[in-house]
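Working notes, beginning with the structure itself.
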Amino acid sequence: MLARIVLSILISLGFGFLTQPLQAQTVLDTVCAGARGVHYQVDNVQGSTFNWKIEGGEIANGNGTNQVFIDWGKDTGIFPIEVVQYNAQGCPGESVRAFVWIRGGIEVSINGPQTICEGDLISLKATGAKSFKWSTGYPGNEILIRPSVTKEYIVTGYSDKCGMDTASFVVEVNKKPHADILINPDDPKLNEWVRFANAGKSGNSGAQSQWSFNDGTSVDQGDDVNRRYTQSGNYKVRLIVIDPNGCADTAFAAFSIKADPQVFIPDAFSPNGDGLNDVFEPVTSDVNFVKLQIFNRWGEKVYSGENYYAKWDGSFGGQIVPEGVYVYTVEAIGVDGKLYTYNGTLTVIK
């Protein structure tokens with residue numbers, strides 16, 4: 001007959017603490033709820049097998065041998081460990097029982113956004129323990145990260161009495177759309193059509209483009225926008241591209257609408273009433289004001305007119321002036337606010 005077996009608890013892995021060998025019917029060990037791989041053993045006898053019965057946990061490894069590794073559950077309380085030794089002939093010895101007190105363990109968890117956009121700065125917070133260490137090496141309970149790809153983050157929490165627990169958290173990263181403003185032409189002029197396009201639209205499947213201009217107007221759709229400016233100056237445009245995941249990218253651009261005042265003055269005309277070249281007038285563009293004056297060879301002013309009336313039909317005192325050379329002065333104020341002055345001669349031909 002086999003001698004009475006006394007459980008001797010040796011804990012090589014887990015959260016319990018080592019005790020002296022105790023007799024049956026005595027609380028033998030204390031572990032934390034959820035502890036895994038806790039080692040228990042009895043003296044080994046050559047040729048023997050051992051039948052273990054565990055309440056409150058499961059044997060992870062070693063059943064049938066003199067030592068087992070137990071994964072304890074989350075339930076708290078006092079639970080029995082029972083083992084029976086069988087000799088080589090299959091005869092059982094006495095059933096020996098000891099007890100384990102499962103106390104409330106720690107349960108670490110991570111809180112934070114599960115889905116983000118590429119480039120977002122986010123916070124992951126760990127709870128459930130006294131101290132923490134992240135897989136990134138950071139020792140605090142909260143980490144700030146800016147992941148560029150989908151990634152798993154792991155944290156281990158520690159307590160004074162109930163060991164440690166590990167939690168993992170996957171942050172899914174959605175790629176951002178791309179906003180890039182193209183302005184054509186790149187040196188737009190007054191009253192010229194200007195095209196604004198999203199040069200980064202390739203790969204922005206299903207994305208919406210929102211254009212805003214610093215004159216207070218906006219366009220909520222379309223990769224291309226066409227506008228015409230009637231005043232020179234410095235302007236700005238903003239493009240926001242938003243994809244179906246809610247990820248967005250923003251681009252800004254500054255540009256100038258340039259005024260290019262031009263004044264063309266012919267050097268001759270023929271006021272003979274044939275309907276061809278009967279009027280002398282300066283041809284202007286990007287000009288807000290123009291004044292024309294004509295003088296004969298003796299310096300006598302024969303004509304003066306402004307804007308619409310800055311054109312001479314060749315008459316003076318109710319009659320067409322004689323052929324010859326006359327002097328003109330043209331003063332023009334461009335849309336840029338500058339004064340442009342031109343002096344020269346013209347020939348009257350009949």
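The values are calculated or read from the model by the stated rules, or taken from the named source; none is laboratory data. Keep in mind that this is a model prediction, so the values were computed, not measured. Heads up, the Cβs are rebuilt from the backbone with ideal geometry, glycines too, and the neighbour counts pull from every protein chain shown.
The residue that is farthest from residue 30 (Cα to Cα), among those in segment 95-113 that are assigned to a loop (DSSP other than H, G, I, E, B) and of a type in the set (Gly, Ala, Ser), is 112. Scanning segment 317-350 for residues being part of a loop (DSSP other than H, G, I, E, B), within 60 Å of the chain's Cα centre (by Cα) and surrounded by fewer than 16 Cβ atoms within 10 Å (Cβ to Cβ) gives a total of 2.
Inspection of segment 116-131 finds no residue satisfying the criterion of being surrounded by 14 or more Cβ atoms within 10 Å (Cβ to Cβ), modelled with pLDDT under 90 and among the hydroxyl-bearing types (Ser, Thr, Tyr). For segment 152-202, the set of residues classified as of a type in the set (Lys, Arg) and farther than 30 Å from residue 336 by Cβ consists of 161, 175, 176, 201, listed by residue number. Those strands (runs of 3 or more DSSP E) of segment 114-193 in which 2 or more residues are touching an Asp or Glu at 6+ places or on another chain (Cβ under 7 Å) and polar (S, T, N, Q) occupy 164-174.
Within segment 229-240, residues that are touching a residue at least 60 places away in the same chain (Cβ under 8 Å) and within 19 Å of residue 184 (Cβ to Cβ) have Cβ atoms under 9 Å from residues that are surrounded by 13 or more Cβ atoms within 10 Å (Cβ to Cβ) and aromatic (Phe, Trp, Tyr) in these pairs: 239/196; 239/211, counting only partners at least 6 apart in sequence or on another chain.
Does residue 70 meet the test of being surrounded by 17 or more Cβ atoms within 10 Å (Cβ to Cβ) and assigned to a strand (DSSP E or B)? Criteria met by residue 70. For segment 208-244, residues that are in contact with a Ser or Thr (Cβ under 9 Å, 6 or more places away or on another chain), over 17 Å from residue 197 (Cβ atoms) and either modelled with pLDDT under 85 or surrounded by fewer than 17 Cβ atoms within 10 Å (Cβ to Cβ) (or both) total 4.
Residues in segment 278-314 that are charged (D, E, K, R) and either in contact with an Asp or Glu (Cβ under 6 Å, 6 or more places away or on another chain) or touching a residue at least 60 places away in the same chain (Cβ under 8 Å) (or both): 286, 291, 311.
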